[in-house]
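Right, one structure below, let's go through it.
The values are calculated or read from the model by the stated rules, or taken from the named source; none is laboratory data. Keep in mind that this is a model prediction, so the values were computed, not measured. With ideal geometry, Cβ positions are generated from the backbone for all residues, glycine too; neighbour counts draw on all protein chains shown.
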Amino acid sequence: MNKQTTLAIFALLLTATTSEMYAQTITVSDTLQANSIRARVQSNGAFFLGGTGGEFLVPATTGGLPEISMMKSAGLWLGGRDSAGNLHVSAQLYNENGKTDFYPGVLLDNGIPYPEFNLIADVTSAQVNAHIVNPASQIPAIYSWPGRGNPYFFNYYGFDLPFSSYDYLAGFYDEFENGAYEPNFGDYPALALRGCPLKYNADEQLWFAFHDVGPHTQSGGTPLGMEVQTQFFGIECPEGSPVDRVVYVIYKLINKSLIPLDSCYFGVFMDFEVGNGGDDFIGCEPARRVVFAYNGDEVDEGGFENTPPVIAVDLLRGPLNDLGEEVDEWHFVPVDDANLNSTEEYYNLLAGRRLNGTPFPNNGLMYTGDPLNPSAWSEISDGNTPGERKALASFGPFTLVPGAINELVLGYAWVRKDPNGGVADNLSIVGATMDAVEGLYNNCFELFDGCPGNVSTNSPASGLKMTISPNPFAGWVRVESEEVPIQSVFLYDATGRLVREITAVENTAVSIQTGGLPAGLYGLQVRTKDGRSAAYKLIHE
């Protein structure tokens, strides 16, 4: 069988599922409300849809409303070309008029959907803590958790857990390290992030899975054969803390296609809605890889009035290329969905180009300057008129191989300096706020020293001065801190498996013995006593 025949057969497998299968895929929804944000998600990967202005609801201080939305919609866009040059594109917009490219459920190892798996699992830290004290209490949120091998799952949902040779489905702490979720023996739901231990949990976590195998009535593209397992979570802190104002998302993208794709891009579509969404601007800060939207004038009429916050999205982790390295190149472009009519146009936006294929300025990284600086490049300096703002942030190009597992990690945060902060006040602390958002991600979402307080314009960055030697290494690695004592050190192999761990160090230097480890690429994470964290890439000879 030649290569072209293989491609054709797999394309048929992706589209051969019956109409009855898709009749079962009415999405379910849930609302995360762990902190100051109330954010709604749907089981096919659509974020924040609901009402007239969306459901990313934050407290309002003026305008007579208790809460106001800052996002109308958000969702994944994926694209690439096969060896014959055919486009594979999947895009999430609004699920309106029957248009969708994504469907609830998982893909079996043969790439065929398992649509019964249409659920959103919701668990809180209070439930986890109660379970740890008494596993026999059989708390439904714990015992129904879709962790691999859960023997109680069928009792709650009426269908079996799918079996996948790729991974463990929803993350969990594995007391006996046997690869099966056994809540009766003390296992519990946990956040799963590559390079972090499976033991931490958020104040509330939603977990669900969706895929792109089905009719593409939104983009018109051919499916990629992608399964996306999603963790959507928040952490509660006192009002005003940056952590209390962020929702984190971990997308685990599992390529269950049989064919490689070149010139691939992974992106996130965002329809910003700062209260009254008719007078907004957008921008980005390349050094922090943060994109944001803000009110285009001082008054958000009919919304936040005189105190409009900024909505900022931190692109914390991007996809890996075929060498296992994170893709550095990214784009941030405006989206005119009213004129978005072809698969090629979706792909052009992913690649940082206009709908007609001509390049956006600056290689598709738009409005990179500080809006408060008249000489920097922003929508203000360009003399644009405020209005509705929709945008796409994307990573690429890269090669996507069969079986590849990627992670995209984002933090959606609303930024307000104080209850009466105006536009300029709130823009002035975007960087410091997102440093705190990234700091918690760097700490594997564990609050070492409690919740960070309010930020100011002169908040220090979270960088650490460390010496790691030797690199490449063989037999041992020495870690030295030039500032504060080291609390713990973790060494991970290229798959994210923890291979060495030293905790409770409380010294400025520590050596790790690495004898017996195979040659290859490793990741080192260092945490200091003051709660900061840094990560490094190492090579074992």
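Some observations on this one:
- Considering the range 454-470, and only residues there that are surrounded by 14 or more Cβ atoms within 10 Å (Cβ to Cβ) and modelled with pLDDT under 85, the residue that is farthest from the chain's Cα centre (by Cα) turns out to be MET466.
- Test: residue in the range 478-492 that is within 24 Å of the chain's Cα centre (by Cα) and modelled with pLDDT under 80: yes
- For GLU285, the test of being closer than 30 Å to ASP370 by Cα and either among the small types (Gly, Ala, Ser) or surrounded by fewer than 24 Cβ atoms within 10 Å (Cβ to Cβ) (or both) is passed.
- Matching residues, the range 215-265, being surrounded by fewer than 22 Cβ atoms within 10 Å (Cβ to Cβ), in contact with a strand residue (DSSP E or B) (Cβ under 6 Å, 6 or more places away or on another chain) and small (Gly, Ala, Ser): SER263
- Residues in the range 87-126 that are surrounded by fewer than 21 Cβ atoms within 10 Å (Cβ to Cβ) and within 19 Å of MET270 (Cα to Cα): TYR94, ASN95, GLU96, LYS99.
- Qualifying residue in the range 55-78 (condition: over 25 Å from PRO334 (Cβ atoms) and in a strand (DSSP E or B)): yes
- Taking the criterion of being surrounded by 16 or more Cβ atoms within 10 Å (Cβ to Cβ), closer than 29 Å to GLY225 by Cα and among the aliphatic types (A, V, I, L, M), the residues of the range 28-85 that qualify are LEU32, ALA39, VAL41, ALA46, LEU49, MET71, ALA74, LEU76, LEU78.
- Failed item, numbered, when LEU372 is tested on (1) modelled with pLDDT of 95 or more; (2) hydrophobic (A, V, I, L, M, F, W, C); (3) over 30 Å from LEU224 (Cα atoms): (1)
- Looking across the range 493-518, the residues that are in a strand (DSSP E or B) and either modelled with pLDDT under 75 or among the basic types (Lys, Arg) (or both) come down to ASP493, LEU498, ARG500, ALA504.
- Any hit, the range 140-147, residues being hydroxyl-bearing (Ser, Thr, Tyr), part of a helix (DSSP H, G or I) and either touching a strand residue (DSSP E or B) at 6+ places or on another chain (Cβ under 6 Å) or in contact (Cβ under 8 Å) with a residue 12 or more places away in the chain (or both): yes
- The range 313-370: number of residues that are among the hydrophobic types (A, V, I, L, M, F, W, C) and either touching a Ser or Thr at 6+ places or on another chain (Cβ under 6 Å) or not assigned by TED's automatic domain parsing to the domain that holds LEU261 (or both): 1
- Residue that is farthest from PHE117 (Cα to Cα), among those in the range 37-71 that are over 17 Å from the mean Cα position of the chain (by Cα) and among the hydroxyl-bearing types (Ser, Thr, Tyr): THR62
- Unique residue being of a type in the set (A, V, I, L, M) and under 22 Å from ALA39 (Cα atoms) when the list is ALA141, ALA136: ALA141
- Number of residues in the range 162-187 that are free of Cβ contacts under 8 Å to residues at least 40 places away in the same chain and touching a strand residue (DSSP E or B) at 6+ places or on another chain (Cβ under 7 Å): the value is 4.
- The listed residues are TYR152, TYR166, and the only one of them that is of a type in the set (Ser, Thr, Tyr), at pLDDT below 95, farther than 19 Å from LEU206 by Cβ and not assigned by TED's automatic domain parsing to the domain that holds GLY352 turns out to be TYR166.
- Residues that are in a loop (DSSP other than H, G, I, E, B), in the same structural domain as TYR347 (by TED's automatic domain parsing), closer than 19 Å to PRO59 by Cα and touching a residue at least 12 places away in the same chain (Cβ under 8 Å) are absent from the range 405-414.
- For the range 153-184, the candidate set comprises residues that are surrounded by fewer than 17 Cβ atoms within 10 Å (Cβ to Cβ) and touching a helix residue (DSSP H, G or I) at 6+ places or on another chain (Cβ under 7 Å); within that set, the residue that is nearest to VAL133 (Cα to Cα) is ASN184.
- Filtered residues of the range 287-320 (kept if without any contact (Cβ under 8 Å) to a residue 12 or more places away in the chain and either assigned to a strand (DSSP E or B) or within 20 Å of the chain's Cα centre (by Cα) (or both)): ALA287
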